[in-house]
Amino acid sequence: MRLKAVRERIDRACEQVDRDPAEVTLIAVSKTHPVEAIQALYDEGVRNFGENRLQEAGPKIEALPGDIVWHFIGHLQSNKAKRIAQLFNVVQTLCQPRQLDELVKAERSVDGLIEINIANEAQKSGLSTEDLDGYLLQVLNCPYVQFQGLMTVGPAVSDPEQMRPFFGNLRKMNERIGGKWLSMGMSGDMEVAIQEGSTHIRVGTALFGRR
Ligand SMILES: *Cc1c(COP(=O)(O)O)cnc(C)c1O
């Protein structure tokens, strides 16, 4: 039911800007939700899931089908990075050199996205815009990490329209550096994100209900 509603939202947003819905990957953010809820969405065809805590995700990943693409979307602590690279397929929250040093120790290839603190918020994780070029070189030189593009969470806003300039800036930044994937948009603002070029939306509440 919820999945159908989300797919309709994706389709409508794509239609408005003449995009093919097949260009938008739906990542079901399953943090705090049990294995059964994930399996139910898997049975409906969802194959991309996002988790933000290693401790919680580990047992779930081991219990669920092996063809799931797991996205790590939480704060990437260096001391957990090796284990994260062993379990996850995509690490969306790269923002520090030390994380890279630890990720490679898994000797397992992962797709990597750089997280950008798009509104330069003091308490937020993610790389500030001016540090992107230097850090990108380090990511590109990192073995086992396949750079795919940029990700942002963005500031909390009351009206999703307020996200449009931030999403638009991230897209331009991603185009400038040759990123292919653009991970932006959540339950409240996926339409604006898709209209601004998102290729990966991370949706929790709209798929699973309240956490
Ligand atoms: C929890 C979370 C989401 C999903 O948020 P919803 O508003 O529940 O859709 C997306 N991205 C990140 C990084 C998250 O931590």
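Derivation of every value follows stated rules applied to the coordinates shown; laboratory data play no part. Please read these numbers as outputs of a predicted model, since none were measured by experiment. So basically every Cβ, Gly included, is an ideal-geometry build from the backbone, and we count neighbours across all protein chains shown.
Rounded, prolate or oblate: which one fits the range 1-122, using the alpha carbon gyration tensor with axes a ≥ b ≥ c (rounded when a/c is under 1.5, else prolate when a/b beats b/c, else oblate)?
Numbers: a/c = 2.12, a/b = 1.34, b/c = 1.58.
The shape class here is oblate.
Ratio of alpha-carbon Rg to the 2.2 N^0.38 Å globular estimate for the chain, to two decimals, please. Display every interim value, and only then the final one.
Values: Rg = 16.3 Å, N = 211, 2.2 N^0.38 = 16.8 Å.
My calculation over the Cα atoms of the chain gives 0.97.
Please list 3J(HN,Hα) in residue order for the range 134-139, calculated via the Karplus relation 6.51 cos²θ - 1.76 cosθ + 1.60 where θ = phi - 60°; whole Hz, with x for glycine and proline.
Rounded to whole hertz, the list is x, 5, 4, 4, 5, 5.
Build a GNM of the chain with springs between Cα atoms under 10 Å: which of 122, 37, 22 gets the top mean-square fluctuation?
Highest fluctuation among the options: 122.
Would you mind ranking 199, 93, 25, 32 by Cβ crowding within 10 Å, fewest neighbours first?
On the way: 199 21, 93 24, 25 17, 32 14.
Ascending Cβ contact count within 10 Å gives the list 32, 25, 199, 93.
Whole-Hz ³J(HN,Hα) for each residue in the range 50-62, computed from phi via Karplus 6.51 cos²θ - 1.76 cosθ + 1.60 with θ = phi - 60°, x for glycine and proline: what do you get?
Using θ = phi - 60°, the values come out as x, 9, 10, 10, 4, 4, 6, 6, x, x, 5, 4, 5 Hz.
At 25 °C and 0.890 mPa s, grab the translational diffusion coefficient of the range 77-177 from Stokes-Einstein with a Kirkwood Rh over Cα pairs, rounded to a whole number in µm² per second.
Details: Rh = 14.1 Å.
For these conditions, the coefficient is 175 µm²/s.
Please give the per residue volume of the convex hull enclosing the alpha carbon atoms of the range 119-166, rounded to a whole number of Å³. Working shown, then result.
Working: hull volume 4.6 nm³, N = 48.
Residue-normalised Cα hull volume stands at 96 Å³.
Give the Kirkwood hydrodynamic radius (Å, one decimal) of the range 1-48, defined as one over the mean of 1/r across all pairs of different Cα atoms.
Values: mean 1/r = 0.0849 Å⁻¹.
Here the Kirkwood hydrodynamic radius works out to 11.8 Å.
Rank the residues 11, 159 as a footprinting-exposure proxy: fewest other Cβ atoms within 10 Å of their Cβ go first. Mind dumping the intermediate values first?
Values: 11 14, 159 10.
The order, fewest Cβ neighbours first, is 159, 11.
Tell me the net charge near residue 87. Cut-off is 12 Å between Cβ atoms, residue 87 excluded, with +1 for each Lys or Arg and -1 for each Asp or Glu. Let's see the in-between values first.
Values: positive: 53, 60, 80, 82, 83, 108; negative: 51, 56, 62.
That works out to +3.
Based on other C-beta atoms within 10 Å, arrange 137, 127 from fewest to most.
Numbers: 137 10, 127 21.
Fewest-to-most Cβ neighbours within 10 Å comes out as 137, 127.
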